[in-house]
Each structure stands twice: as C-alpha cells, then as structure tokens.
Amino acid sequence: KSLWELAVIKKPSGFPEYLATTWQDVAKTIYEDASFQKQLETTAYYENDFKTFIEGIIDGEKKIEAILALIKSKVKWNQYLGYMTDNGLEEAYKEGTGNIADINLMLISMLQYAGLEAYPVLVSTSDNGIPVYATRKGFNYVIAGVKLENDYLLLDASDPFSGINMLPQHAMNWQGRMIRPNGSSEWVALYPTYSSQQLFFIEASIENGILTAKVNERKRNHFAKEYRDAFAQTDVSSQISAITTTNENIVISNFETAGLTTTESTMSVSYTANSTSLVAEIAGDLYLSPMLFFGLDKNPFKSDTREYPIFFKFPQSKKYTISIKVPAGYKVRSLPTSTKIKLGDKVGAFTYIVKQTNENIQILAKFEISTPFLLAEDYSYLKELYSQRIAKEKEKIVFTKI
C-alpha cells in the first residue's frame, strides 16, 4: 500500500514551511514536538521515588537495572503503541498505566536524570513493517538507547521480563532511528549480537524395556525470556504439556523450574521422563535413537525455493549433552558415526559426536545459528543442513546381548 505524508506547506507570505523530507528532518520534527521534548524534561513527579531506588548506586549498569525495576514496579503497559504520549508521563506515573511512549520516554527521562547519556530510538514493530524512506508515520514505537562505555544499550521498560539489550520480540525489527535534541539521528541495529542458548544435560538408562531420562535444561537470554513470557502466569501442567517430544508415549514427572519469574539471564527446567516406546527390540537386539525424544523428525523447510529472508529471531545455540548407560546384560554392537556440518563462514553449524566411554554412551549434539536471519539465496543450503541433521539424528544405537 502507498503511504503519503505532508512534506511542505506553501504559506501566503510566499515562504514555504518544509516538514520531514530527510531522516534529520524527521528527528528534528519529532524531538521538537511539545508532547515529546517537554515530557523528557519534567522530573518532579518521580524524584522522591528515584532517590529511594537509585541513591548510592555508582555503577552505570546497576543504575540502569534499578531504573528499569522502578518503572516496571510503577507503570504497566496498556497495550497501546506510539512514540507520543497519551495523557503525559506524570499522569501515567500517577495512574500506574500508560502506552509505550509513556513508559519508555519516562525511562529516558530517568536515565538522563541519573546522569546517563540516553536518547529515544524510534521503532517500527514487526507488524508495522520497515520504513523505507524518511517518514514520521513509519514508526509506531519508541525505546531507549543509553550510552555506556562507548556502546549503546537498548532498553524497553514495558515488558516485565525485558532487560539490558533484551527487547521484546515485536520491537526487534531490523533497525531503529536514534534521535537527539540537536536534530541529529542515526540508525541502530535492533537485533541482538549475542547468542542465546539452550543447554540440555540428560542422563538415561534402560531397564526392562523402559527408558528413564533425568533432564536438566538451562535457558539463557532470549530463550529464558520466551519461556517466561509464555509460562510465568501458568501452572505446572501447562508447562509439562508444552514439552516437545517426538513420541507421544512419554510420561513426565518431578517437574521443577528455577528463575521463572525473575529477569536474570538464566533460568532452568528439570524433570524425569519415562517411556516404554523409545526402545525397540528386534531379533533380541535393542535399538535406540541417541537423541532420545529430543531429535527433529520433520524438516521445517518444505518448499523448494524461497523469496524472502529466513528469520530466526535472534542468534542461537542448542546443545545436548546426553549420557546413556549400556543396559545390563548387553554390549554395544554399533554406534552412529560422528559428523560436523557447516553452513557458510561462521553462519551456522551442526555438530554430532557419539562415542562409548566404559559403560556409557556419550552424545554431544549442537546446533548453532549465529545470525538473526538468512537471505533467501541461502535457503537451499539451510534446508539441506536440516535434512542432514534429521537423517543423522535418526540413526540408531544397537545393543546386543552378551
């Protein structure tokens, strides 16, 4: 669809008034708006609370964390977007609710009050698309960018589980435009540059055809945030039901989480899984997938070609460290071979190592994507990487009777 915006007004005096025609014009027009700039300069309404939360904190990052905690405790997001306030920051603080601009302009104001160099960053959410030319209407969201030790950290206080450089998914849309009071502006990348990890540690044993696996999982960064977003307000049964398995005959017990309702970078999930169908007996031999119920069974990329980039949301790594005890009365007849498959130059990789150490089979499986998105021209390589990964994970360990 087309998007039109007023660029110039011809006045009777003959002197034209130019509006936003370049990104510098956009920045200047927005920042000089009374409902924008003056809101940032008003501080009286929060100063008493600010001193209680922040007084005595010297470290810059700890100051930022304390300010985020203060705003999250005082103002909740009403689900409305925008980079202009609704009723003003003081009213939002008093009422305890506000739109995105109310919350994040308040955040910027407090950061500046704390002596930090902070500026608004205009954002177009993922549902709103990407502005391709200088326009005020291309943005519908605002976050904070704060300079600390020569780096700009991105912040959004509207999300209960957000943190430093930990934005909500809807706000991570390509680039944002940082604007300053002097009219200057620049693009800043919204995607994280760090990797988020899922680390699985599994100990499994087989007895009378029943496989028992003790699972400990650590979720870091965006994986932890995604889990909290989905399950912080749910019960244990909902979390158990969401455990992804490639086999329906899995019984989960002893389920526990740690760090579910915090904003720490790491949280953990642990449980015991039992299955009567993961181990197959054929002609007296036992057949078992080294990945147990954690392997992929279908390739998510089915089309032959692709016209658009492939988004992974954030750089990520999933690592499985599995130990399977050789069943009593059996020995290993065959193991899958180890392999490592790379996708481009440090773009992605699948590592798969299977070996026997005394009476245990040790498996290391790691899948890495080091970029938040891949271009359409890389689609066939990505699809093939997934195909090879699935084929490898379906290979079996074979135990034979002694």
* To do: Mind putting a number on the dipole of the chain about its Cα centre? Charges go on the C-beta only, +1 for Lys and Arg and -1 for Asp and Glu, and I need it in Debye to the nearest 20.
  => 1240
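Helix-only estimate, please: 222 nm mean residue ellipticity of the chain, summing -39500 (n - 2.57) across DSSP H runs of length 4 or more and dividing by its residues, to the nearest 500.
Values: 9 runs with 92 residues, N = 402.
Roughly -7000 deg cm²/dmol at 222 nm, from the helical runs in the chain.
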* How large is the dipole of segment 349-402 about the Cα centre if only Lys and Arg carry +1 and Asp and Glu carry -1, each at its Cβ, rounded to the nearest 20 debye? -> 340
* **Neighbour-limited loop hits for trypsin sites (Lys or Arg not before Pro), segment 349-395 (at most 15 other Cβ within 10 Å; DSSP other than H, G, I, E, B)** => Lys394
* q = 0.12, 0.14, 0.18, 0.24 Å⁻¹: log10 I(q)/I(0) that the Debye formula gives for segment 264-361, counting C-alpha atoms only -> -0.63, -0.82, -1.16, -1.54
* From the residues Asn249, Thr52, Ala224, which one has its Cα farthest along the dipole of the chain in the positive direction, the dipole being from +1 and -1 charges on Cβ of Lys/Arg and Asp/Glu about the Cα centre? -> Asn249
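Keeping the other protein chains in place, figure out the carbon and sulfur percent of the accessible area of the chain, with a 1.4 Å probe.
Of all accessible area on the chain, carbon and sulfur atoms account for 49 percent.
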* Asked: Using just the C-alpha positions of segment 184-268 as equal point scatterers, what log10 of I(q)/I(0) does the Debye formula give at each q in 0.18, 0.25 1/Å?
  -> -0.90, -1.35
* Asked: If one computes the Cα centroid of segment 259-309 and of segment 351-398, what distance in Å separates the two points?
  -> 12
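Normalised radius of gyration for segment 153-204, please: alpha carbon Rg relative to 2.2 N^0.38 Å, two decimal places.
On the way: Rg = 15.7 Å, N = 52, 2.2 N^0.38 = 9.9 Å.
Cα Rg divided by the expected 2.2 N^0.38 Å: 1.59.
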* To do: Just flag the GluC sites (Glu not before Pro) in segment 250-295 sitting in loop per DSSP whose Cβ has no more than 15 other Cβ atoms within 10 Å.
  => Glu264
* To do: For segment 58-113, report the convex hull volume of the alpha-carbon atoms normalised per residue, in Å³, without decimals.
  => 76
* Asked: If you work out percent of Cα pairs over 36 Å apart from the coordinates, which of [x] 18; [y] 40; [z] 23 do you get?
  -> [y]
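Within 10 Å of each candidate Cβ there may be at most 12 other Cβ atoms; applying that plus a DSSP loop requirement, which GluC sites (Glu not before Pro) in segment 322-402 survive? Please list the in-between numbers first.
Details: sites: Glu359, Glu368, Glu377, Glu384, Glu393, Glu395; in loops: Glu359, Glu395.
Those satisfying the criteria are Glu359.
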* Across Lys62/Lys340; Lys214/Lys313; Lys225/Lys392, pairs whose alpha-carbon gap is larger than 32 Å -> Lys62/Lys340
* **Contact order relative to length of segment 303-402, as percent, for alpha carbon pairs under 8 angstrom and 6 or more apart** => 41
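Any idea what the relative contact order of the chain is, in percent, if you count C-alpha pairs under 8 Å spaced at least 6 apart?
Numbers: 807 pairs, mean separation 48.9, N = 402.
Reported as a whole number, the value is 12 percent.
Given R₀ = 22 Å, what would the calculated FRET efficiency be for Asn208 paired with Ser277, taking r from the Cβ atoms and rounding to 0.05? Numbers along the way, then the final one.
On the way: r = 14 Å, r/R0 = 0.61.
That gives a FRET efficiency of 0.95.
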* **Average accessible area per residue (Å²) across segment 171-223 - probe 1.4 Å, nucleic acids and ligands excluded** => 44
* Asked: Can you give the accessible area per residue of segment 267-402, in Å², using a 1.4 Å probe?
  -> 51
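The values are calculated or read from the model by the stated rules, or taken from the named source; none is laboratory data. In this text, all values refer to a predicted model and were calculated from it rather than measured experimentally. Reconstructed Cβ throughout: ideal geometry from the backbone, glycine too, with neighbour counts over all protein chains shown. Side chains are part of the model used for accessible areas, which takes the heavy atoms of the whole protein and leaves out ligands, DNA and RNA. Shrake-Rupley method; radii C 1.70, N 1.55, O 1.52, S 1.80 Å.
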